[in-house]
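The values are calculated or read from the model by the stated rules, or taken from the named source; none is laboratory data. Since the structure is predicted, the reported quantities are computational estimates derived from the model, not experimental observations. Cβ sites come from the backbone with ideal geometry, for glycine too, and all protein chains shown count toward neighbours.
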Amino acid sequence: MTNEDESVHVVFNGEIYNHHELRAELEAKGHRFRSNSDTEVLVHMFEDTALGQCEKLDGMFAFAAWNSRERKLILARDPFGKKPLYIAEGNGFFAFASELRALEQLPFLNRTLSRDAIAAYLLVQYMPRDFGVYEGLSKLTPGTAMLLDFERKQRRSLHFYDFNPKQSIETRCTPTEAKDELRRLVRRAVEKRLESDVPLGAFL
């Protein structure tokens, strides 16, 4: 999807739960929308190529935003890595995809198996964080946005989310209040995931 003058292009896999709120903010700044799509919210957000914009996103996503005017590419992945984003690079090329099979079609991909990745898989039974199965392949780390400036030949990354399960939380509530708060949070989490343009159903 593109913006009005086709200077910004976005490819997107996932869902932005708070896109209505973000859309209202952008419209207040003068942005005009042609659809109700959450993808178009990303298009207008990244007319400004600031990586900090990713901190506003609540959802599951992997996307790329290309600003042809500034020759800058932004790649970003949701905080828990629900949506994959693979990167292949080397010898003057850079490619990305949401599926490994797409990158495997590239004739210049280094298909040498990564010993570190295989060892990690055998040790913990999954491929951790940014490991790729091939030497020429990696995954964008969850909760990370990467900016590639092709004009200046620069690259930088922003880790916009950190999950710390050991973080201490001071609470001054009763067990009943804690139960009610948990119910509220679970209900809110479910409700924001149920928004759809088509009828929904659930099987238990």
message = Please verify whether residue 47 is farther than 22 Å from residue 133 by Cα, among the charged types (D, E, K, R), modelled with pLDDT of 90 or more and in contact with a strand residue (DSSP E or B) (Cβ under 9 Å, 6 or more places away or on another chain), treating the condition exactly as stated.
response = no
query = Got at least one residue in the range 59-68 being under 30 Å from residue 194 (Cα atoms) and not in a strand (DSSP E or B)?
reply = no
task = Return yes when residue 18 is within 30 Å of residue 135 (Cβ to Cβ) and in contact with a Leu (Cβ under 9 Å, 6 or more places away or on another chain) and no when it is not.
result = no
task = Please determine, by comparing only the residues of the range 1-35 that are of a type in the set (S, T, N, Q) and within 26 Å of residue 80 (Cβ to Cβ), which one is surrounded by the fewest Cβ atoms within 10 Å (Cβ to Cβ).
result = 18
request  = Only residues that are part of a loop (DSSP other than H, G, I, E, B), at pLDDT 90 or above and out of contact with any strand residue (DSSP E or B) (no Cβ under 6 Å at 6 or more places or on another chain): list them for the range 87-105, please.
outcome  = 99, 104, 105
message = Being loosely packed, with under 15 Cβ neighbours inside 10 Å, within 22 Å of residue 83 (Cβ to Cβ) and among the hydroxyl-bearing types (Ser, Thr, Tyr) is the filter here; which residues of the range 101-136 pass it?
response = 126
key: Residue ID - nearest to the chain's Cα centre (by Cα), chosen from residues in the range 144-191 that are at pLDDT below 85, among the charged types (D, E, K, R) and over 22 Å from residue 84 (Cβ atoms)   = 166
Flag if residue 12 is modelled with pLDDT under 90, of a type outside the set (S, T, N, Q) and touching a helix residue (DSSP H, G or I) at 6+ places or on another chain (Cβ under 9 Å) = no
request  = Return the residue satisfying two criteria in turn: it lies in the range 131-149 and is assigned to a loop (DSSP other than H, G, I, E, B) and touching a Leu at 6+ places or on another chain (Cβ under 7 Å), and of such residues it is farthest from residue 61 (Cα to Cα).
outcome  = 136
ask   = Which pairs have Cβ atoms under 8 Å, sit 6 or more apart or on different chains, and link a residue in the range 137-163 that is touching a residue at least 60 places away in the same chain (Cβ under 8 Å) and loosely packed, with under 13 Cβ neighbours inside 10 Å to one that is hydrophobic (A, V, I, L, M, F, W, C) and not in a loop (DSSP other than H, G, I, E, B)?
value = 156/51; 156/146; 156/147
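Could you check how many residues of the range 15-55 are part of a strand (DSSP E or B) and either among the hydroxyl-bearing types (Ser, Thr, Tyr) or within 20 Å of residue 158 (Cα to Cα) (or both)?
Count: 1.
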